[in-house]
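Note sheet for the following structure.
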Amino acid sequence: MSNEMRQHRFTPPKGAADLILIRHGETQAAVRGQNFPMVGGQGDPALRPEGHAQAKAVAARLRDHPIDAIYVTTMQRTHQTAAPLAAHLGLRPRVEADLREVFLGDWDGGEFRFRAAEGDPAILRARDRHEWGELPGAETTAEFQTRVRRGLLRIAAAHADELVAVVVHGGVVGAALALATGARAFSFSGAANGSISRLVVHGEEMIVRGFNDCAHL
């Protein structure tokens with residue numbers, strides 16, 4: 001054995017999937033009294049110009065990474081964010097429906113933004129209790145985290161020893177990192193549009209390798 005030993009350098013365990021979690025770019029503003037286009041009962045706004053610029057910045061940051069696959073959700077903002085990177089890499093994005101954004105119930109479609117800005121008591125309770133189910137008709141935190149975990153594990157199982165870009169939503173990033181760390185559900189809320197987080201998934205184990213990297217923006 002050598003007389004010298006350098007510090008440990010992390011490498012993903014054999015068989016693990018290395019997931020680059022990208023939050024989609026900024027979307028269209030909500031307009032009072034007008035719902036966003038809907039998909040599966042959830043708001044489906046398109047990217048605004050700033051969001052397209054963020055998508056291009058993500059592509060420039062990641063274009064030289066050895067990415068084996070790209071995943072998006074059922075929502076157009078993830079498809080639009082993934083498009084520049086997919087074009088650079090010559091990859092066709094795959095859809096993972098379980099990684100769609102949290103269902104906001106009666107306030108999905110744009111109303112949630114106004115309620116949040118106005119400090120609606122239900123939103124204050126949700127934040128205090130880390131419970132999406134405080135919103136009328138919304139998915140519970142447990143339901144949301146269960147499907148996010150299912151989607152992440154399904155991708156990881158299909159991509160052992162591969163690097164995968166996964167374009168998702170702010171709520172999904174927060175849920176994924178809370179699951180990985182055992183933190184309270186909203187502890188990783190607020191990832192920036194176009195930001196990059198990183199998660200290594202090995203079997204049932206999740207290892208956080210980064211959160212809210214915005215160096216490219």
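For region 142-151, state whether one or more residues are within 26 Å of Arg61 (Cβ to Cβ) and either in contact with a Leu (Cβ under 9 Å, 6 or more places away or on another chain) or of a type in the set (Gly, Ala, Ser) (or both).
First, the residues of region 142-151 that are within 26 Å of Arg61 (Cβ to Cβ): 148, 151.
Still in the running and either in contact with a Leu (Cβ under 9 Å, 6 or more places away or on another chain) or of a type in the set (Gly, Ala, Ser) (or both): 148, 151.
Looking through region 142-151, at least one residue is within 26 Å of Arg61 (Cβ to Cβ) and either in contact with a Leu (Cβ under 9 Å, 6 or more places away or on another chain) or of a type in the set (Gly, Ala, Ser) (or both).
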Inset, instruction - Examine region 52-64 for a residue that is charged (D, E, K, R), buried (at least 18 other Cβ atoms within 10 Å of the Cβ) and part of a loop (DSSP other than H, G, I, E, B), and state whether such a residue exists. - result: no
Legend entry - Residue in region 65-94 that is surrounded by the most Cβ atoms within 10 Å (Cβ to Cβ), counting only those that are out of contact with any helix residue (DSSP H, G or I) (no Cβ under 7 Å at 6 or more places or on another chain) and of a type in the set (S, T, N, Q): Thr78
Legend entry - Which numbered condition Leu19 misses (of (1) under 28 Å from Ala157 (Cα atoms); (2) open to solvent by less than 60 Å² (accessible area, probe 1.4 Å); (3) not in a strand (DSSP E or B)): (3)
Inset, instruction - Assess whether Val167 counts as being open to solvent by less than 10 Å² (accessible area, probe 1.4 Å) and under 30 Å from Gly15 (Cβ atoms). - result: yes
Legend entry - Every residue from region 22-44 that is in a loop (DSSP other than H, G, I, E, B), on the phi < 0 side of the Ramachandran plot and among the small types (Gly, Ala, Ser): Gly25, Ala29, Ala30
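Of the residues that make up region 113-123, is at least one without any contact (Cβ under 8 Å) to a residue 24 or more places away in the chain and within 27 Å of Ala55 (Cβ to Cβ)? Lay out the reasoning, then the answer.
Of the residues in region 113-123, the ones without any contact (Cβ under 8 Å) to a residue 24 or more places away in the chain are 115-123.
If we keep only those that are within 27 Å of Ala55 (Cβ to Cβ) as well, we get 116-117.
Yes: region 113-123 contains one or more residues that are without any contact (Cβ under 8 Å) to a residue 24 or more places away in the chain and within 27 Å of Ala55 (Cβ to Cβ).
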Legend entry - First in region 152-168 and more than 12 Å from Val95 (Cβ to Cβ), second anywhere and open to solvent by 60 Å² or more (accessible area, probe 1.4 Å), Cβ under 6 Å, 6 or more apart: Glu162/Asp68; Leu163/Pro66; Leu163/Asp68
Inset, instruction - Name, by its number, the condition in (1) buried (at least 19 other Cβ atoms within 10 Å of the Cβ); (2) hydrophobic (A, V, I, L, M, F, W, C); (3) touching a residue at least 60 places away in the same chain (Cβ under 8 Å); (4) farther than 13 Å from Leu99 by Cα that does not hold for Ala175. - result: (4)
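Being among the small types (Gly, Ala, Ser), modelled with pLDDT of 95 or more, in contact with a helix residue (DSSP H, G or I) (Cβ under 9 Å, 6 or more places away or on another chain) and in a helix (DSSP H, G or I) is the requirement here; does Gly137 meet it? Before the answer, list the steps.
On the way: among the small types (Gly, Ala, Ser): yes; modelled with pLDDT of 95 or more: yes; in contact with a helix residue (DSSP H, G or I) (Cβ under 9 Å, 6 or more places away or on another chain): yes; in a helix (DSSP H, G or I): no.
No; evaluated as a whole, the condition is false for this residue.
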Inset, instruction - Note down all Cβ pairs under 8 Å where the first residue falls in region 37-53 and is under 9 Å from Glu26 (Cα atoms), the second is in a strand (DSSP E or B) and open to solvent by less than 80 Å² (accessible area, probe 1.4 Å), and they're at least six residues apart or on different chains. - result: Ala46/Thr27; Leu47/Thr27; Arg48/Thr27; Gly51/Thr27
Legend entry - Odd one out for Arg184 among (1) over 18 Å from the mean Cα position of the chain (by Cα); (2) open to solvent by 50 Å² or more (accessible area, probe 1.4 Å); (3) not hydroxyl-bearing (Ser, Thr, Tyr): (1)
Legend entry - Residues being open to solvent by 30 Å² or more (accessible area, probe 1.4 Å) and in a helix (DSSP H, G or I) - total across region 95-119: 8
Legend entry - Unique residue being open to solvent by 40 Å² or more (accessible area, probe 1.4 Å), in contact with a helix residue (DSSP H, G or I) (Cβ under 8 Å, 6 or more places away or on another chain), assigned to a loop (DSSP other than H, G, I, E, B) and farther than 22 Å from Asp108 by Cα when the list is Ala215, Ala160: Ala215
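The values are calculated or read from the model by the stated rules, or taken from the named source; none is laboratory data. What you see is a predicted model; the values in this text were computed from it and never measured. Glycine also receives a Cβ, built like all others from the backbone with ideal geometry; neighbour counts cover every protein chain displayed. We work out accessible area using only protein heavy atoms, side chains counted, and drop any ligands, DNA or RNA first. Shrake-Rupley method; radii C 1.70, N 1.55, O 1.52, S 1.80 Å.
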